[in-house]
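To start, the structure itself, in structure tokens.
The values are calculated or read from the model by the stated rules, or taken from the named source; none is laboratory data. This one's a predicted model, so the numbers in the text were calculated from it and none came from an experiment. Every residue, glycine among them, receives a Cβ derived from its backbone with ideal geometry; neighbour counts consider all protein chains shown. Note: accessible area is taken over every heavy atom of the protein model, side chains too, but ligands, DNA and RNA are not part of it. Shrake-Rupley method; radii C 1.70, N 1.55, O 1.52, S 1.80 Å.
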Amino acid sequence: MNKMKVKLAACLLAVSLALPLSGCSEQEPVKLVLTTGFRHNEIFRLEDASCTLPELMVYLTTEQNTYEGVYGPRIWEVKEGEEGLSDKLKNKVLAEISQIKAMTLLADRRGIQLTPQEEEMVAAAAEEYYASLNDREREAMEVNRQLIESMYRDYALADKVYRQIISDINPEISDDEARTITVQHILIKTVTENADGTISPYSDKEKTKCYQKAQEVLSAAQEGEAFEALIEKYSDDSQGTLSFGKGEQEQAFANAAFNLGNDEISGIVETSRGYEIIKCISTFNREETDRNKLKIVEKRKDEVFGQEYDSFVNSLAKNLNEPLWESVALIHDDQVTTSSFFDIYKEYFGQQ
């Protein structure tokens, strides 16, 4: 595997995958308190719900083999600071399972249960996944069919409680609310953007020079010089064209942009980054507006679900078996290639 693939894989793991639960947004991971007094193979406990080492290994091995299928087995050689990618993956998987367990407890509080038909689907999915495992995979992960069935049941309950919580959200978003426009812009910076993410403003004298430069650029645009050429020549932003909806840009920039008609050019707009000159390309981008509607709905789901979930999780007693957790490692075995746990779930339960 070449260095570019390794670097890309590192970036993907650094930001972490979203929780693979159907339709479920990613929440803050459950914070587990280190303690003692665990049962054999018990990784963590949330109130009276617990996760065993074999359960964790099913998730971990599935994710490991999924990554290796794309980037190759050398992906785990990548280091980011003192923490390797395998440790990042372990923490990601721990967060996912702890959320599933918390949501099964929330399902119990809400009186949510699986229907007989859903129980049959759980059993069928478990049978299919377990049958897909070879003897070495079953031995390495220490799983049996009953454990897999329990895991799919937890997964389905978590899915069901999420869908119940967000069921009252109106999926219909108006064109006006989601309206997305497309503009081109020229930025004349009046700040220095530092490597640590902070900014250092220019002096008043330097800002005056920047404003004079912005005036010259604006005059050229108003006199008919190609805006694209002016972007290439003068702009301090590598992104010359932007599509965005309401609330997605700094207020001064958005106010000026949304008040333009097609092909209109703004005056000089001062933002936190500098002086901007904006040209409206389209006052209504159909494709981007439709995408924005989906983003708005998902944001509302996140907010509604997060309010109840966060409050509930904060009330739970949380305990982690530190010695056992520290001993967990990826399975490096040519005979252990299973990666279908989540795919099989989707076959039976789909994106409900």
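Annotations for the structure displayed:
- For the stretch 170-198, a residue qualifies if it is open to solvent by less than 30 Å² (accessible area, probe 1.4 Å) and either in a loop (DSSP other than H, G, I, E, B) or among the basic types (K, R) (or both), and the qualifying residues are I173, T190.
- Every listed requirement among (1) hydrophobic (A, V, I, L, M, F, W, C); (2) closer than 30 Å to K213 by Cα; (3) part of a loop (DSSP other than H, G, I, E, B) is met by I331 save one, (2).
- Scan of the stretch 292-328 for residues that are crowded, with 18+ Cβ neighbours inside 10 Å, part of a helix (DSSP H, G or I) and not hydrophobic (A, V, I, L, M, F, W, C), ordered by number: N292, K293, K301, Y309
- Within the stretch 38-81, the set of residues being small (G, A, S), in contact (Cβ under 8 Å) with a residue 40 or more places away in the chain and part of a loop (DSSP other than H, G, I, E, B) comprises just one member, G72.
- Criterion (open to solvent by less than 10 Å² (accessible area, probe 1.4 Å), at pLDDT 95 or above and polar (S, T, N, Q)) met by exactly one of T66, T61: T61
- Identity of the residue in the stretch 114-124, open to solvent by 20 Å² or more (accessible area, probe 1.4 Å) and in a helix (DSSP H, G or I), that ends up nearest to E42 (Cα to Cα): A123
- Restricted to the stretch 69-84, and to residues there that are small (G, A, S) and modelled with pLDDT of 90 or more, the residue that is surrounded by the fewest Cβ atoms within 10 Å (Cβ to Cβ) is G69.
- Taken together, the criteria place M151 among residues that are within 22 Å of N41 (Cβ to Cβ) and not basic (K, R).
- Filter result for the condition that a residue is within 22 Å of N285 (Cα to Cα), open to solvent by 90 Å² or more (accessible area, probe 1.4 Å) and in a helix (DSSP H, G or I), over E228, E232, E216: E228
- Beta carbons closer than 8 Å, at least 6 apart along the sequence or on distinct chains, pair a first residue in the stretch 221-248 that is touching a residue at least 60 places away in the same chain (Cβ under 8 Å) and under 18 Å from T182 (Cβ atoms) with a second that is open to solvent by less than 60 Å² (accessible area, probe 1.4 Å) and in a loop (DSSP other than H, G, I, E, B) for S243/N285; G245/R179; K246/R179.
- Considered as a group, the residues in the stretch 125-167 that are without any contact (Cβ under 8 Å) to a residue 40 or more places away in the chain and outside any helix (DSSP H, G or I) include one that is surrounded by the most Cβ atoms within 10 Å (Cβ to Cβ), and that residue is N144.
- For the stretch 235-255, the candidate set comprises residues that are small (G, A, S) and either open to solvent by less than 20 Å² (accessible area, probe 1.4 Å) or at pLDDT 95 or above (or both); within that set, the residue that is farthest from E288 (Cα to Cα) is S235.
- Test: residue in the stretch 283-290 that is in contact with a helix residue (DSSP H, G or I) (Cβ under 6 Å, 6 or more places away or on another chain), in a helix (DSSP H, G or I), of a type outside the set (F, W, Y) and closer than 30 Å to D175 by Cβ: yes
- Among the conditions (1) open to solvent by 20 Å² or more (accessible area, probe 1.4 Å); (2) in contact (Cβ under 8 Å) with a residue 24 or more places away in the chain, D87 misses just one, which is (2).
- Some residue of the stretch 100-113 being without any contact (Cβ under 8 Å) to a residue 40 or more places away in the chain, acidic (D, E), in a helix (DSSP H, G or I) and open to solvent by 10 Å² or more (accessible area, probe 1.4 Å): yes
- Out of I277, I281, sole residue that is closer than 20 Å to E264 by Cα, open to solvent by 40 Å² or more (accessible area, probe 1.4 Å) and modelled with pLDDT of 90 or more: I281
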